[in-house]
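The values are calculated or read from the model by the stated rules, or taken from the named source; none is laboratory data. The shown structure was predicted, so the numbers you read here are calculated from the model rather than taken from an experiment. Using ideal geometry, Cβ is built from the backbone for each residue, glycine included, and neighbour counts are taken over all protein chains shown. Side chains are part of the model used for accessible areas, which takes the heavy atoms of the whole protein and leaves out ligands, DNA and RNA. Shrake-Rupley method; radii C 1.70, N 1.55, O 1.52, S 1.80 Å.
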Amino acid sequence: MPEGDTVHNLAARLRPVLAGKVLTACDIRVPRYATVDLTGRTVDAVAARGKHLLIVAGNAVIHSHLKMEGEWHVYRPGERWRRPAHTARAVLAVGGAQVVGFSLGTLEILTTAEADGALAHLGPDPLGPDWDAGRAATNLAAQPERPVGLALLDQRNLAGVGNVYRNELCFLRGAHPATPVGECGDPLAWADGAARLLRANLGRTRRVTTGVDRNGMRAFVYDRARRPCLRCGTAIVAGSLGGPGAAERAIWWCSRCQPQRSN
């Protein structure tokens with residue numbers, strides 16, 4: 001599941017392939033941008049901002065968000081694609097390589113100013129140069145009645161936390177995801193905890209939040225319904241959490257380590 005570390009890892013993988021190279025072909029397969037052709041431009045940067053990937057070529061920015069299904073692949077010239085051609089949304093070529101974006105949830109071509117505006121709502125990124133734990137903590141604390149599991153997913157508070165990390169962080173902090181932020185202790189500890197989880201997985205091929213890189217042991221609660229808690233042995237519980245402006249998303253918790261707040 002794409003989270004901030006996934007996109008930063010992707011940017012690190014694409015950067016040596018594209019950065020500083022001249023685009024020898026550019027095929028944007030989105031009707032709105034079908035006439036856009038960046039062929040001949042030099043790729044100046046490949047960057048991640050939270051869950052957003054930015055490929056910058058002059059004043060043009062290829063902005064993508066993977067959502068649930070998106071992927072970017074690198075191929076040698078003539079190599080067969082590993083996903084169906086009809087799912088390709090962007091095909092970029094440079095000398096010696098072809099970079100293809102498949103099933104991208106968002107793909108748009110923006111000016112640099114437009115890209116800045118499109119991402120202006122994002123909170124500080126734990127993996128970016130703008131990381132400010134104090135500002136992230138202030139953002140979280142601004143809505144004390146909001147469930148912490150929703151506040152963590154709100155990219156306006158801090159950028160990059162997805163469903164895996166919000167569930168794992170709630171376990172590590174001993175709070176049920178539905179607990180109001182104001183009852184969860186120091187918001188700075190939550191911001192620091194999110195940063196530690198994301199940074200610990202930067203550069204990894206498999207996400208690990210427990211410190212144990214073995215099947216069934218890589219996460220404390222995420223996707224572990226009915227399995228024993230790695231800390232106390234209690235069966236992990238699954239449910240969902242949503243609210244105003246937030247879609248229902250799956251949550252997992254240990255009823256002993258994360259007692260649910262009674263109303």
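Okay, here's what the table says:
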read-out: log₁₀ of I(q)/I(0) at q = 0.32 Å⁻¹ - region 224-263, Debye sum with one point per alpha carbon; value: -1.03
read-out: Relative contact order of region 74-176, pairs being alpha-carbon contacts under 8 Å that are 6 or more residues apart, as %; value: 18
read-out: Cα centroid separation, region 39-80 to region 200-263 (Å); value: 31
read-out: Compactness of region 13-54 as Cα Rg over 2.2 N^0.38 Å, two decimals; value: 1.27
read-out: Spread of Cα-to-Cα distances over 10 Å intervals beginning at zero, given as percent, for region 153-214; value: 20, 57, 21, 3
read-out: Signed unit charges on C-beta, dipole axis of region 180-256, positive-most listed residue Ala246, Leu197, Gly185; value: Leu197
read-out: Region 69-118: C-alpha gyration tensor shape, a/c 1.5 cut-off, then a/b vs b/c; value: oblate
read-out: Highest-first arrangement of 212-219, 157-164, where packing means the average Cβ count within 10 Å; value: 157-164, 212-219
read-out: Under Karplus coefficients 6.51, -1.76 and 1.60, residue-wise ³J(HN,Hα) of region 30-47 in Hz, glycine/proline x; value: 10, x, 4, 10, 4, 8, 6, 9, 9, 4, x, 8, 8, 6, 8, 7, 10, 9
read-out: Carbon plus sulfur fraction of accessible area for region 181-236, probe 1.4 Å, in percent; value: 46
read-out: Relative packing of 190-201, 137-148, which averages over residues the other C-beta atoms within 10 Å, highest first; value: 190-201, 137-148
read-out: Axial C-alpha extent at least 18 Å, average Kyte-Doolittle at least -1.0 - helices from the chain (DSSP); value: 4-18, 187-200
read-out: CD proxy at 222 nm, helix term only [per DSSP H run n ≥ 4: -39500 (n - 2.57); per residue of the chain; nearest 500]; value: -6500 deg cm²/dmol
read-out: Alpha carbon Rg of region 9-99, scaled by the compact-globule rule 2.2 N^0.38 Å; value: 1.01
read-out: Two-decimal Rg to Rh for the chain - Kirkwood Rh, Cα set; value: 1.01
read-out: Other-chain or far-sequence residues with amide H under 5 Å of Lys21's (modelled H); value: Val43
read-out: Stretchable slack from Arg80 to Val36, in nm (0.36 nm times residue separation minus alpha-carbon distance); value: 13.4 nm
read-out: Cα extents of region 66-219 along the three principal axes, largest first (Å); value: 56, 43, 26
read-out: Region 196-254 shape via C-alpha gyration tensor axes, a/c threshold 1.5; value: oblate
read-out: Two-site label geometry, Met217 and Ala113: point separation in nm, points 7 Å out along Cα→Cβ; value: 5.6
read-out: Difference of contour (0.36 nm per residue) and Cα-Cα distance, Gln260 to Arg196; value: 20.5 nm
read-out: Relative intensity, log₁₀ I(q)/I(0), of region 147-260 from a Debye sum that treats every alpha carbon as a point, q = 0.19 Å⁻¹; value: -1.00
